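Enquirer: Take this structure, written in structure tokens, and hold onto it; I'll ask about it next.
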Amino acid sequence: MSADALADLLADARAGVAFTGAGISTESGIPDFRSPDGLWAREDPRDFSFRRYVASPALREQAWRRRHALWQAPPRPNLGHRALADLEADGHLAGIVTQNVDGLHQDAGSRTVIELHGSTRRVVCIGNAPRAGTPQGCGFAASHTWALARVEAGEADPRCPRCDGIVKTTTVSFGQNLWPGVLEEATALLERADLVLVVGSSLSVEPAASLPRRAQRTGVPLAVVNDEPTPLDDVADVSVRARAGGVLADVAAAVPLRRQASA
Ligand code: NAD
């Protein structure tokens, strides 16, 4: 099915919700997890677990080195991020529920962005020995620039300035519980949606992946833009198998013309 059909759906939407995954950011140079050249082709997923982060100072040092390198040349939003921001500004999208942690939707100008899996832009204290995937910090929170400055000052594994606890970005690692309230916030936005647009997600990480399916089951139109098949293609009203940036840019440009034509 074509981008034309997607433009038709979006032109009719007044409270659409985009549900995005790592695939929308690959065109900004950030690898996803499961593509052939994604992160899992060269990294061990177990190194991204909450338990290992807590247990291994060496792993934390590696994580901060990786973040530091990334922050030297921060990725920029691409055509796909900008198109979604335009569709929100034009009144077709009510917001974005994202699995991404890169902050690029906000950089592109999107205003309502619910980050299911946290953000690399914020750090928190998680305490000294948090167990069972639940941070138990003292409440210290800061921008990522605080941690960046500590790493540049020579601290390989910055500690909480208040209680000496372990510091972590708010990104949700494997085996870590979602931050309280975020799933409810996303569910509330989706319950008001008149269209759900999935972009760049393999729809394989739960509980996030269930959100679009749940909306679709209540009768909300569903569209999917992904460069490989997804488990929702068969039930989607529109499924576009292509790279997201070009498709979304074309669609965002076409929607105002359709509105004019139908006025
Ligand atoms: P995923 O890696 O499981 O799936 C990404 C999907 O996007 C794949 O189906 C891939 O084929 C598709 N894709 C890749 N590039 C595309 C493009 N240009 N256009 C269209 N489709 C494209 O990612 P996911 O579903 O988001 O779930 C995995 C987890 O990855 C999430 O929890 C997320 O937190 C995390 N993650 C986030 C980032 C980020 O913030 N940018 C990066 C890597 C992983």
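The values are calculated or read from the model by the stated rules, or taken from the named source; none is laboratory data. Keep in mind that what you see is a predicted model, and the values were worked out from it rather than measured. A quick note on method: Cβ atoms are made from the backbone with ideal geometry, for glycine too, and the neighbour counts reach across all protein chains shown.
Enquirer: Taking the condition of being under 26 Å from G29 (Cβ atoms) and crowded, with 19+ Cβ neighbours inside 10 Å, how many residues in region 218-238 meet it?
Expert: Of the residues in that region, 5 qualify.
Enquirer: So for region 174-197 (the condition being closer than 24 Å to A63 by Cα, out of contact with any helix residue (DSSP H, G or I) (no Cβ under 7 Å at 6 or more places or on another chain), among the aromatic types (F, W, Y) and without any contact (Cβ under 8 Å) to a residue 24 or more places away in the chain), does at least one residue qualify?
Expert: no
Enquirer: For region 25-57, give me each residue that is touching a Pro at 6+ places or on another chain (Cβ under 8 Å) and among the hydroxyl-bearing types (S, T, Y).
Expert: Across region 25-57, the qualifying residues are S25, S28.
Enquirer: Identify, by number, the condition in (1) within 15 Å of the ligand (Cβ to nearest atom); (2) among the small types (G, A, S); (3) farther than 26 Å from F174 by Cα; (4) at pLDDT 90 or above that A3 doesn't meet.
Expert: Checking A3 against (1) within 15 Å of the ligand (Cβ to nearest atom); (2) among the small types (G, A, S); (3) farther than 26 Å from F174 by Cα; (4) at pLDDT 90 or above, the one that fails is (4).
Enquirer: Moving on. Which residues, counting only those in region 118-160, are assigned to a loop (DSSP other than H, G, I, E, B) and either under 24 Å from Q72 (Cα atoms) or within 16 Å of the ligand (Cβ to nearest atom) (or both)?
Expert: G118, S119, T120, R121, G133, A153, G154, E155, A156, D157, P158, C160
Enquirer: Exactly one condition in (1) at pLDDT below 95; (2) assigned to a helix (DSSP H, G or I) is false for P212; which is it?
Expert: Against the list (1) at pLDDT below 95; (2) assigned to a helix (DSSP H, G or I), P212 comes up short only on (1).
Enquirer: While we're on this one: Please determine whether any residue of region 221-235 is over 20 Å from the mean Cα position of the chain (by Cα) and in contact (Cβ under 8 Å) with a residue 40 or more places away in the chain.
Expert: yes
Enquirer: Taking the condition of being surrounded by fewer than 17 Cβ atoms within 10 Å (Cβ to Cβ), within 11 Å of the ligand (Cβ to nearest atom) and either touching a residue at least 60 places away in the same chain (Cβ under 8 Å) or among the acidic types (D, E) (or both), how many residues in region 36-54 meet it?
Expert: 3
Enquirer: Now a separate question. Filter region 55-69 down to the residues that are among the hydrophobic types (A, V, I, L, M, F, W, C) and exposed (fewer than 14 other Cβ atoms within 10 Å of the Cβ) and list them by number.
Expert: Hits for region 55-69 are A55, A58, A69.
Enquirer: Please work out which residue is farthest from the ligand (Cβ to nearest atom), limiting yourself to region 66-106 and to residues that are in contact (Cβ under 8 Å) with a residue 40 or more places away in the chain and under 27 Å from A156 (Cβ atoms).
Expert: Filtering region 66-106 for residues that are in contact (Cβ under 8 Å) with a residue 40 or more places away in the chain and under 27 Å from A156 (Cβ atoms), the one farthest from the ligand (Cβ to nearest atom) comes out as H68.
Enquirer: Got a sec? Which of G154, G133 is surrounded by 14 or more Cβ atoms within 10 Å (Cβ to Cβ) and at positive phi?
Expert: Just one listed residue meets the conditions, G133.
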